[in-house]
Amino acid sequence: MDIKEAPMKAKDYKSVVPPTWCPGCGDYGVLNAVLKSFAELELDIFETALVSGIGCSSRFPYFVKTYGMHTAHGRALPVAAGLKMARPELEVICLGGDGDGFSIGGGHVAHVVRKNTDITYVIMDNAIYGLTKGQVSPTSVQGMVTTTTPYGVPDNPVNPLAFVLTYGATFVAQAYSSKPKLVQELVTKAIQHKGFSFVNIISPCPTFNKFNTFDYYKENIEEIPEGHNTKDLNSALEIALRSKQGKTPVGLLYQIQSPTLTERLADIREKAEASDNYDLNKIIDAYKP
Amino acid sequence: MALAKDLIIRIGGEGGEGIISSGDMIAQAAARSGLEVLTFKTFPAEIRGGYAMYQIRFSKSRILSEGSGFNVLCCFNKESLDVNRKYLQEGNALIYDYPGGDIEEEVNIPGVHCYPVPMSKIAKTELGVYRSKNMVCLGAVADLFSISMESLKETVVEKFGKKGQEVVDVNFKALEAGQTYIRENIKKEDSFNMEPGTPKDDVIIISGNYAVGLGALLAGCKYFSAYPITPATEVANFLSINLPKVNGNLVQAEDEIASLANVIGASYGGLKSMTATSGPGLSLMQELIGMSTMMEVPVVICDVQRGGPSTGLPTKHEQSDLFLAAHGGHGDGSRVVLSPEGIEDCVYMTVDAFNIAEKYQVPVLLLSDGSLGFRTASMKKPDPSKIKTINRDTYDPSSNGSESFMRYKLTKSGISPMSTPGQPDGAYISTGLEHGESSAPRYTPDNHTVMLDKRFNKLDDLEDFFTPTEVDIDEDAELGVVAWGSTIGTLREALALAREDGLKVSAIYPKLVWPMPKKALNDFAAKHKKILVTEINKQAQLAALLRSETDMDPISYNIYGGLPFTPKMIADKIMEVL
């Protein structure tokens, strides 16, 4: 008789390390929904790697049983990209906050995106620096009072959705931590997507962000209309820019298929007639005088 | 006429005039004819224009440095003559573009054999191809100093064959025109005739940067990520062609931070991984070098040093990143720094760098430099089957009983077995946070102390593991000289010169420079009353480290003009210090 292992449930993915987030943090909801999505996809814990940077949400990998890397501030994406290039068969998921991704790490996003690196990037966007106790973040709205902007934020915020769309992301979605089913649905689709997939999850910080509160989002969250053509970049950008009207659209904005970095690297190796047993003498002999 | 055992030809002209390619060809041809060859180039940081110089040293026996000065100077234009006129010595030969070039009058320098060759004019009017000026010059040089014309022609075919017979013919004609001009118009007065070599089949001629790439392949490197920077870019150029052949991947990252981030990710994934950069890039990498120390992820970083700080002298030679390499990181970070001496070291010490990184799970920095990176030299062909490679200690779940995997387990050696993602029961978080044995964050005083000790103490036996530090002892010597990196080759020749003059002097050549091989250095210090350190940087960086880490209190001989030492400079200093 075959003894089949029971399928993993969301809680089976939890490690022994308890989350360190404040009570009421949106990230709890994200963690639970993401693990449900892992269970739904039956991800093998040893074939999955979570890579994060620095910040409250970047503690995520410790709370999960899979392989993981907790890297330096802003560097999660290029580390994850290196891991994926080395081990394309692994499911590589990069997670972090808005400051990690779009401020200190902002320079990397464009390049990991435009290469269509086949990793999933989940941002928990709370529009504030939580770990350092309440400084302005790249997604904080203009005028917001934070510990480093007592007279109000002077800058325009980054629009993460428009940012990755214009660099050619092939999967772009936004969710809200208080809509766990939507988070699960979009993260599942993102992991299934071949190519770079981006899910920006609005995840309020009740401790330090007194502007982007749960009440604020009750008013401003709007579901993307059902008839939206997810293959149309212009309509996706139009939705992304709804933030200018103070709206927070949630749902799938954009998804297309395009060759991935893994595939392009494989093409290069094919052109080079790659072999694991390549005779290095052939390379060396080219340097005979 | 006596045959020369050792000949140095310097070619100077404007960047873009074919100085570099003609230098490369004459070096190739000489190596093909069985001579040992070592080249030295300096060129401006501009794309075109500015003074460029290519120097080739030929010998029947092993060459260890650029040499002292030159025997033959070959000037493509007035500027190169102006720059080099003061270095001309009695007995030297000078070939210069006259008449027809920008040198306006015939040159007469007492004691120097001056040969005017109208290379521009021959190329323009006789051949109708101005670009062939460098080949006219090569033909003249080959004929004057007995460099094999046959080898030169073979090199032309190899280089231009793909472009068609027409291109080959133009170059042949130019070579012959130069040769004919000499035979019909010049009376040779100098004594430089290169003694022919014996062609060997087991020789290659390769640049320092390519040699590092080759070393990476031999070590089993499968992943490389870098950002273009002079003078390190050719390491990437070599591997971009060759790494995919062995089923490896290379990417050009968006910056040096991303390069090292890529490399750390790939190494965590189980692949031997490397990046290459120069000083400014190494500065950007410092934070992630600290992270790889903390994570205990093996990485290899080649730093081809250039003049600094800032953009500094991007195409010039300096050994000024030693402090940055050894001490550049934040916090207490263990790392290993190696300094290759020459082309062979670029190959084999890159293998060592991987072996050390893998064995000790540390970042290893290989400090090459501008003159070594750009230098081409002949060397014995490496035999891939003879290369010893070391792989990281991988986690074996069956050896662990019922215990769960402890990535940072405290072992006697300080080295903890590493699992590879995909491996069942091996999951852990590779982390930059201080952590306990399991990899979970842990900030207790005891834990930080124990873990820091682990990360340093694991390197305790490195001095014994690595190739012994070479010494060249004269038992009667009171003076011992130290050099690192490419200055080692120069010191070897300086030592020979000094001893020819009857001086009693010893030398030590540390190639593992950090952590310092204290046993060998202190042993050397104990045998000598005076220690002299020769290096190319303003702060006398090696001397400072020796003072803090060993019993030495050295005298420094440091220069910092963007050029390497000559053996004669060091030999003179030895005389002075004694």
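Counting only residues at least eight positions apart within a chain, or on another chain, the aspartates and glutamates with an alpha carbon under 20 Å from that of B:K245 are A:E263, A:D267, A:E270, A:E273, A:D276, A:D279, A:D285, B:E234, B:D383. Straight-distance candidates among the lysines for linking to A:K218, with alpha-carbon spacing under 30 Å and chain neighbours fewer than 8 residues away dropped: A:K11, A:K14, A:K36, A:K133, A:K179, A:K181, A:K189, A:K210, A:K231, A:K244, A:K247.
Computed over all pairs of different Cα atoms, the Kirkwood value for the hydrodynamic radius of the range B:393-467 is 13.4 Å. For chain B, the relative contact order is 12 percent, taking Cα pairs closer than 8 Å that sit 6 or more residues apart in sequence and dividing their mean separation by the residue count. Computed over protein heavy atoms with a 1.4 angstrom probe, the accessible surface ordering of A:H70, B:H327, A:H111, largest first, is B:H327, A:H111, A:H70.
Overall, the accessible surface of the range A:188-282 at a probe of 1.4 angstrom is composed of carbon and sulfur to the extent of 48 percent.
Once the C-beta distance of A:N281 and B:K388 is scaled by a Förster radius of 25 Å, the resulting FRET efficiency is 0.90 to the nearest 0.05.
B:K187 contributes an accessible area of around 150 Å² to the protein surface, as traced by a 1.4 Å probe with all chains present.
Across the protein chains, with a 1.4 Å probe defining accessible surface, the residues A:E270, B:E17, B:E79 rank A:E270, B:E79, B:E17 from largest area downward. Using the Cβ of B:L365 as centre and a radius below 11 Å, the other residues enclosed give a net charge of -1, where K and R count +1 and D and E count -1. Counting protein heavy atoms only and a 1.4 angstrom probe, how many square angstrom of accessible surface do chains A and B bury in total, to the nearest 100? Buried surface at the A/B interface: approximately 4600 Å². Across the range A:83-168, the mean sequence separation of Cα contacts (distance under 8 Å, 6 or more residues apart), normalised by length, yields a relative contact order of 26 percent. For the options A:T139, A:T149, A:T71, a Gaussian network treatment of chain A with springs between C-alpha atoms closer than 10 Å singles out A:T149 as fluctuating the most. In the range A:267-289, the residues that give up 50 Å² or more of accessible area when the other protein chains are added, compared with the chain on its own (1.4 Å probe), are A:R269, A:L280, A:I283, A:I284, A:Y287, A:K288, A:P289. Relative to the longest principal Cα axis of chain B, at what angle does helix B:567-577 sit, 0 to 90 degrees, rounded to 10? For B:567-577 against chain B, the angle is about 70 degrees.
With protein chains left intact and a 1.4 Å probe, residues in the range B:1-158 average 39 Å² of accessible area per residue. Spread over its residues, the convex hull of the C-alpha atoms of chain A is 182 Å³ per residue. For the range B:6-185, lysine pairs separated by 8 or more sequence positions, or belonging to different chains, with Cα-Cα distances below 22 Å total 27.
Here the calculated FRET efficiency for A:Q192 and A:T213, from their Cβ-Cβ distance with R0 = 35 Å, stands at 0.60, rounded to the nearest 0.05. When the accessible area of each residue in the range B:385-429 is compared between its chain alone and the complete protein assembly (1.4 Å probe; ligands, DNA and RNA ignored), which residues differ by at least 20 Å², being lower in the assembly? Going by heavy-atom accessible area, the residues of the range B:385-429 that drop by at least 20 Å² are B:P421, B:G422, B:D425, B:A427, B:I429. A prolate overall shape is assigned to the protein assembly as shown, the ratio a/c of its alpha-carbon gyration tensor axes (a ≥ b ≥ c) being 1.5 or greater and a/b exceeding b/c. For B:K527, the lysines whose Cα comes closer than 30 Å to its Cα, not counting residues fewer than 8 places off in the same chain, are B:K458, B:K504, B:K511, B:K518, B:K519, B:K538, B:K568, B:K573. Local charge for A:S137 was computed over the other residues whose Cβ lies under 9 Å away, with Lys and Arg +1 and Asp and Glu -1, and equals -2. Using just its DSSP H runs of length 4 or more, each adding -39500 (n - 2.57), chain B gives a mean residue ellipticity at 222 nm of -11000 deg cm²/dmol after division by all residues. Note on chain B: Cα-only Rg and Dmax are 25.9, 89 Å. Against the main long axis of the alpha-carbon atoms of chain B, helix B:208-219 sits at an angle near 40°.
Computed from Cα positions, the angle between helix B:233-242 and the longest principal axis of chain B comes to roughly 80 degrees. Say R0 is 41 Å: what FRET efficiency, to the nearest 0.05, do B:K163 and B:R85 get from their beta-carbon distance? For B:K163 and B:R85, the calculated efficiency is 0.65.
As a fraction of the 1.4 Å probe accessible area of chain B, surface on carbon and sulfur atoms comes out at 50 percent. Taking Lys and Arg as +1 and Asp and Glu as -1, the other residues whose beta-carbon sits under 12 Å from that of A:T207 total +1. Amide H to amide H distances under 5 Å link B:L73 with B:R10, B:A93, B:L94, B:I95, where only residues 5 or more positions off or on other chains count and H is placed in the peptide plane.
Placing a pseudo-label 7 Å from each Cα along the Cα-to-Cβ vector at B:S398 and B:T444 gives an inter-label distance of 3.5 nm. Accessible area of B:M194 (1.4 Å probe, protein heavy atoms only, ligands and nucleic acids ignored): about 0 Å². Compute the separation of the alpha-carbon centres of the range B:169-239 and the range B:374-425 and state it in Å as a whole number. So the two Cα centres are separated by 36 Å. Accessible area per residue for the range B:212-253, computed on protein heavy atoms with a 1.4 Å probe, is 24 Å². Computed over chain A with a Gaussian network model linking Cα atoms closer than 10 Å, the most mobile of A:N229, A:N209, A:N277 is A:N277. Taking every protein chain into account, the accessible area of the range B:420-578 amounts to 42 square angstrom per residue (probe 1.4 Å).
Model label sites at B:E195 and A:E263, defined 7 Å from Cα along the beta-carbon direction, differ in position by 6.3 nm. For the range A:196-212, putting each phi into the Karplus relation 6.51 cos²θ - 1.76 cosθ + 1.60 with θ = phi - 60° gives couplings of 6, 10, 10, 10, 8, 9, 5, 9, x, 10, x, 7, 10, 9, 8, 9, 8 Hz, in residue order, rounded to whole numbers and with x for Gly and Pro. Taking θ as phi - 60° and the Karplus parameters 6.51, -1.76 and 1.60, the scalar couplings of the range B:12-29 work out to x, x, 8, x, x, 8, x, 4, 5, 5, 5, x, 4, 5, 5, 5, 4, 4 Hz in sequence order, x denoting glycine and proline.
Top to bottom by accessible area (1.4 Å), largest first, where do B:Y87, B:Y227, A:Y216 land?
Descending accessible area places them as B:Y87, B:Y227, A:Y216.
Under the criterion of Cα pairs below 8 Å and six or more residues apart, the relative contact order for the range B:207-386 equals 28 percent.
The values are calculated or read from the model by the stated rules, or taken from the named source; none is laboratory data. The model shown is predicted, which means the values in this text are computed figures rather than measured ones. Because the Cβ atoms are built from the backbone with ideal geometry, glycine has one as well, and the counts that use them run over all protein chains shown. All accessible areas refer to the heavy atoms of the entire protein, side chains included, with ligands and DNA or RNA removed. Shrake-Rupley method; radii C 1.70, N 1.55, O 1.52, S 1.80 Å.
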